[in-house]
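Report on one structure; see the data block that follows.
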Amino acid sequence: MPAANLPPVPTAVDSITATELRMHLEFLSSDELGGRYTLAPSFAIAARYLASHLKAYGFQGGGKDGDFLQRFEVIASRPDQEKSVLSLTINGQTANYSFGEFFPSGGVIGEATAPVIYVAHGISSPSQHHDDYANVDVKGKIVLLVPGVPAGVDRSKLDVKEQGEEAARLHGAVGVLQLPQERFLGFFRNKDTRNRLGSRETVRLARESEGHLPQVTLGVDVAEKVLGLLGFSLNDIYTTEKKPNPVNISAHIVTGFHQTRTVTQNVVGILKGSDPRLRDEFVVFSAHYDHLQTSPKGEIFHGADDDGSGTTAILTIAHAMAMDPPRRSVVIIFHAGEELGLLGSEYNTDYAPAVPLDKIVADFNIDMIGRSKPAGDKAREDEHLTDANTIYLVVSNRISKELHQISEETNTEFQKLHLDYYYNDSNNPEMIYYRSDHWNYAKHGIPVIFYFAGTHVDYHKPTDTVDKIDFPKMTQITRLVFETGWRVASLDHALARSTN
Ligand SMILES: [Zn+2]
């Protein structure tokens, strides 16, 4: 499609300035906000700040009863060492293991005693013609599961019900023994990191926590022992497709957790579109406003770049949108709980969407656009940090090629940034495709662009501070998102969902 057919971009884009971005970001990354951890009381102050601005710009609340806060409950679970049990009975001999040799995982309090059955990766996907449950009867049994996906299966197209604990439960299993993830094997081999990994708190949506199976992750030694009997080893298990030896193993598992419930909130505002015929369709602009917990030593994780940068960018986009609304309605959403596992976006897509998902034309998600690599920087952690003129775009062409074209043409016309597609591959080892909130929209088939400038030496450290932000670059990226998004929201037709 030639650029001439694209809607003109309004001058409201000029309202997005480094000064306004800096003002918001200095507040959001301040010591007083304490790092915006989803479960911290001060997190609600950040929410209120964002909601107040959206209201002042003329947005309506997108939560329940017109509230700007879309509230939801989460459960934090920390393994309870005393209450957790793993014993294995192999050929009539029972051995009990202690916490550290195994870890309760998944945050589900429960108990199961049953024969163990090996199900490889435990994937059951009719659309991808792969079924690890095809010739095994797991009813009433505890499945032994290898994490990850085998060659030939596209992880990005798997439904949650086609893998892991959910697939096991749907096939009638009563518990899950999980092998350690390949990328965490190093951690599992070291006692200190193993115990830290196995004891850490996990948080999930309260809505999602009901009716799930008790799960246990095996440590390296127990895993090697069980795998040895089956004829495998931890070295080959992640790739092998062989059949296991028939062995009689049964397990007794008890998964204990200390749990606390907290109500938190996304912030959602809706700006009515200017065209009465198109305003029941929506274009979403999103960023996560949460970051990390203050350390026991009192170190604050300011999260200026992650994702203070995206949050402030989206707020200035909201302001500019309100000055000259596009034809479709605009949804601004600041997600909570991203750092805890994309919880806010999971809630707004899988459980209680603020607007119907089938009316969302696209989602523009921003996470970490504030940094650029200084000349001569040789730090290993900065290897993939973009320079002052570059930004990574992820997913733009995976669901809608038209979105990709509009994005490219709009950039060529205005900001002339270098658009880098290095991470636009669902098999990229860093799996950026799955690592921010856009994933929860993309998995529902919604066309998405994810804007990301790369991780760096201060990523998830107290030193991710506002003084290191490249505001001129951030201004350019924010304007590009506005320009692209405004055009998509004002097109005659909804974006074509086609990749060719
Ligand atoms: Zn982030």
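Key figures
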| item | result |
| --- | --- |
| Residue in the stretch 156-177 that is farthest from Ala114 (Cα to Cα), counting only those that are part of a loop (DSSP other than H, G, I, E, B) and either open to solvent by 70 Å² or more (accessible area, probe 1.4 Å) or in contact (Cβ under 8 Å) with a residue 60 or more places away in the chain (or both) | Asp159 |
| Members of the stretch 269-300 that are within 12 Å of the ligand (Cβ to nearest atom) and crowded, with 24+ Cβ neighbours inside 10 Å | Ser286, Ala287, His288, Tyr289, Asp290, His291 |
| Complete set of residues in the stretch 307-320 that are touching a Gly at 6+ places or on another chain (Cβ under 9 Å) and either more than 16 Å from the ligand (Cβ to nearest atom) or in a loop (DSSP other than H, G, I, E, B) (or both) | Ile317, Ala318 |
| Members of the stretch 355-375 found to be open to solvent by less than 30 Å² (accessible area, probe 1.4 Å) and more than 16 Å from the ligand (Cβ to nearest atom), listed by number | Val355, Ile360, Val361, Ala362, Ser372 |
| Matching strands (runs of 3 or more DSSP E) fully within the stretch 86-145 where at least 1 residues are among the charged types (D, E, K, R) and under 31 Å from the mean Cα position of the chain (by Cα) | 110-118 |
| Residue in the stretch 400-421 that is within 16 Å of the ligand (Cβ to nearest atom) and either within 21 Å of the chain's Cα centre (by Cα) or outside any loop (DSSP other than H, G, I, E, B) (or both) present | no |
| Pairs, first touching a residue at least 60 places away in the same chain (Cβ under 8 Å) in the stretch 326-348, second of a type in the set (Val, Ile, Thr) and in a helix (DSSP H, G or I), C-beta under 7 Å, six or more apart | Ile332/Ile314; Phe334/Thr311; Phe334/Ile314 |
| From the options Gly35, Gly66, residue that is of a type outside the set (A, V, I, L, M, F, W, C) and touching a residue at least 24 places away in the same chain (Cβ under 8 Å) | Gly35 |
| Pick from the stretch 50-105, criterion within 18 Å of Val176 (Cβ to Cβ) and β-branched (Val, Ile, Thr), ranking: surrounded by the fewest Cβ atoms within 10 Å (Cβ to Cβ) | Thr89 |
| Search result, residues across the stretch 321-346 that are crowded, with 23+ Cβ neighbours inside 10 Å, assigned to a helix (DSSP H, G or I) and away from the ligand (no atom under 16 Å from the Cβ) | Met321 |
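The values are calculated or read from the model by the stated rules, or taken from the named source; none is laboratory data. Since the model is a prediction, treat every value here as computed from it, not as a measurement. Don't worry about glycine lacking a Cβ; one is built from the backbone with ideal geometry, like all the others, and counts go over all protein chains shown. Only protein heavy atoms, including side chains, enter the accessible area calculation; ligands, DNA and RNA are left aside. Shrake-Rupley method; radii C 1.70, N 1.55, O 1.52, S 1.80 Å.
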